[in-house]
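Worksheet: the structure to be examined is printed underneath.
The values are calculated or read from the model by the stated rules, or taken from the named source; none is laboratory data. Since the model is a prediction, treat every value here as computed from it, not as a measurement. Note that each Cβ is placed from the backbone with ideal geometry, even for glycine, and that neighbours are counted across all protein chains shown. Note: accessible area is taken over every heavy atom of the protein model, side chains too, but ligands, DNA and RNA are not part of it. Shrake-Rupley method; radii C 1.70, N 1.55, O 1.52, S 1.80 Å.
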Amino acid sequence: MASSDTDKIVADAFRSEQLGLFPEAIEGYRRALEAQPDHVLAIARISRLLRDLRTDPPPPLKLVWQIPLERVWETDWVRFLVSGLNVSEIVDGRHQEFHDGSIVVDNFLTPSKRAYYFEMLKRGHRFALVHLSDERYSDDYGAYSLANVVIRNYWCRLHASDTRVLTIPLGLMNGFKLTARKPARERRHAWSFAGNIEKSSRPAMLRTLAAIAGGHVHGSDSSGPWLLKGVANPTQPLAIADYAELMSETVFAPCPAGWQNLDSFRVCEALEAGCIPIVERRASYDYFRHLFGEHPMIAVSDWTEAPAAIAELQADPNTLEQRRLACETWWQQHKRTTAQRVQDAIRARLSGL
């Protein structure tokens with residue numbers, strides 16, 4: 001049979017599938033594969049259809065780490081997100097573990113990794129993909145169409161309308177823990193910043209905020225110990241416990257952009273510490289409104305707007321504390337809601353059509 005004839009059989013089967021005529025669609029895909037066993041589209045379509053038609057409950061869920069745990073900043077956060085599910089953990093890192101009912105945690109997706117997810121599909125395995133670290137929007141998204149559901153951080157316009165993709169906040173880095181959240185009047189620093197002070201808009205931010213009394217800056221030359229190699233006498237980043245302590249003593253937490261993305265861990269960490277974050281937005285692009293929906297954080301399009309926003313709240317201690325509490329309570333609710341959405345999506349998407 002000519003390749004064009006096989007393509008026509010696949011196209012007819014696809015139409016049957018969209019009309020809900022699943023037995024006819026399956027028969028069509030099988031005829032196509034009899035004629036051309038390596039027809040990738042036919043393999044993908046019949047594998048997906050047979051998998052999605054399964055009505056048996058998945059076996060006990062497995063959280064499969066495809067990233068060495070020592071290189072994952074978000075293990076605590078991911079575990080929190082799935083904490084309402086009964087899961088066991090497997091550390092793979094070589095894309096060799098294949099299990100029905102998997103929650104696969106991966107990052108830096110490349111075309112070569114797609115084969116692993118395609119094999120999961122061909123085996124009829126139902127799985128969720130937790131995609132981390134796509135800060136530059138440069139990963140390969142081919143695996144998205146193979147997973148039952150994708151959970152990713154960094155809001156992306158490309159995936160915003162895809163019902164299989166759930167975007168979540170970056171969350172907290174491992175070890176970010178607080179003993180208490182103080183009211184604004186008991187915090188030592190009106191504002192503080194710790195991190196690389198040379199990135200993006202950060203020099204302009206610090207020049208502007210220098211006019212606000214009571215600030216504290218801990219500048220560092222890098223964002224992680226693995227970047228320190230070859231750097232002479234760098235200013236060490238704060239340990240995560242020390243950073244959490246600093247945030248617990250801070251009222252306003254400026255959260256500038258990184259090299260490219262407006263988002264960073266410091267946003268959720270500031271919220272967790274009960275600070276009032278100050279985030280950036282760009283013309284016609286309010287990233288954090290897309291990510292969070294309505295939120296009580298301060299958003300500025302230019303850092304010169306920040307001093308006035310801070311001064312207005314500082315003028316009335318009651319209003320200041322109300323805004324701080326609004327950020328704290330909103331985040332705690334949003335955090336719980338996010339975990340519930342993740343768990344609901346996994347339960348629903350791994351249970352068939």
Using the structure shown, decide if GLU17 is without any contact (Cβ under 8 Å) to a residue 60 or more places away in the chain and in a helix (DSSP H, G or I). yes
If I ask for residues that are within 16 Å of the chain's Cα centre (by Cα) and part of a loop (DSSP other than H, G, I, E, B), which ones from the stretch 162-184 would you list? ASP162, THR163, ARG164, PRO169, LEU170, GLY171, LEU172, MET173, ASN174
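Residue-by-condition table, conditions (1) open to solvent by less than 30 Å² (accessible area, probe 1.4 Å); (2) in contact (Cβ under 8 Å) with a residue 12 or more places away in the chain; (3) touching a Lys or Arg at 6+ places or on another chain (Cβ under 8 Å):
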{"residue": "GLU135", "(1), (2), (3)": "no, yes, no"}
{"residue": "VAL149", "(1), (2), (3)": "yes, yes, yes"}
{"residue": "LEU158", "(1), (2), (3)": "no, yes, no"}
{"residue": "THR163", "(1), (2), (3)": "no, no, no"}
{"residue": "LEU170", "(1), (2), (3)": "yes, yes, no"}
{"residue": "THR179", "(1), (2), (3)": "no, yes, no"}
{"residue": "MET205", "(1), (2), (3)": "yes, yes, no"}
Being open to solvent by less than 40 Å² (accessible area, probe 1.4 Å) and either closer than 24 Å to ARG341 by Cα or modelled with pLDDT of 95 or more (or both) narrows ASP92, ASP76, ASP56 down to just ASP92
Tell me whether the stretch 101-111 contains one or more residues that are out of contact with any Pro (no Cβ under 9 Å at 6 or more places or on another chain) and at positive phi. yes
Inside the stretch 1-40, the number of residues satisfying the requirement of being surrounded by 15 or more Cβ atoms within 10 Å (Cβ to Cβ) and within 23 Å of MET120 (Cβ to Cβ) is 12
Is it the case that the stretch 117-132 has a residue that's in contact (Cβ under 8 Å) with a residue 60 or more places away in the chain and of a type in the set (Ser, Thr, Tyr)? no
Flagged in the stretch 96-107 as over 21 Å from the mean Cα position of the chain (by Cα) and touching a residue at least 24 places away in the same chain (Cβ under 8 Å), in numbering order, are GLU97, PHE98, HIS99, ASP100
Looking at the stretch 224-267, which of the residues that are modelled with pLDDT under 85 and part of a helix (DSSP H, G or I) is farthest from ALA309 (Cα to Cα)? TRP226
Working carefully through the options ARG152, ARG79, ARG136, ARG94, find the one that is assigned to a loop (DSSP other than H, G, I, E, B) and under 29 Å from ALA244 (Cβ atoms). ARG136
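So that you can scan it fast, the table gives a plain yes or no per residue for (1) open to solvent by 10 Å² or more (accessible area, probe 1.4 Å); (2) polar (S, T, N, Q); (3) more than 20 Å from ALA160 (Cβ to Cβ); (4) not in a helix (DSSP H, G or I):
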| position | (1), (2), (3), (4) |
| --- | --- |
| GLU269 | no, no, yes, no |
| PHE288 | no, no, no, no |
| ALA308 | yes, no, yes, no |
| THR329 | yes, yes, yes, no |
| VAL342 | no, no, no, no |
Scanning the stretch 185-203 for residues that are outside any strand (DSSP E or B) and under 28 Å from the mean Cα position of the chain (by Cα), which turns out farthest from GLU249 (Cα to Cα)? SER200
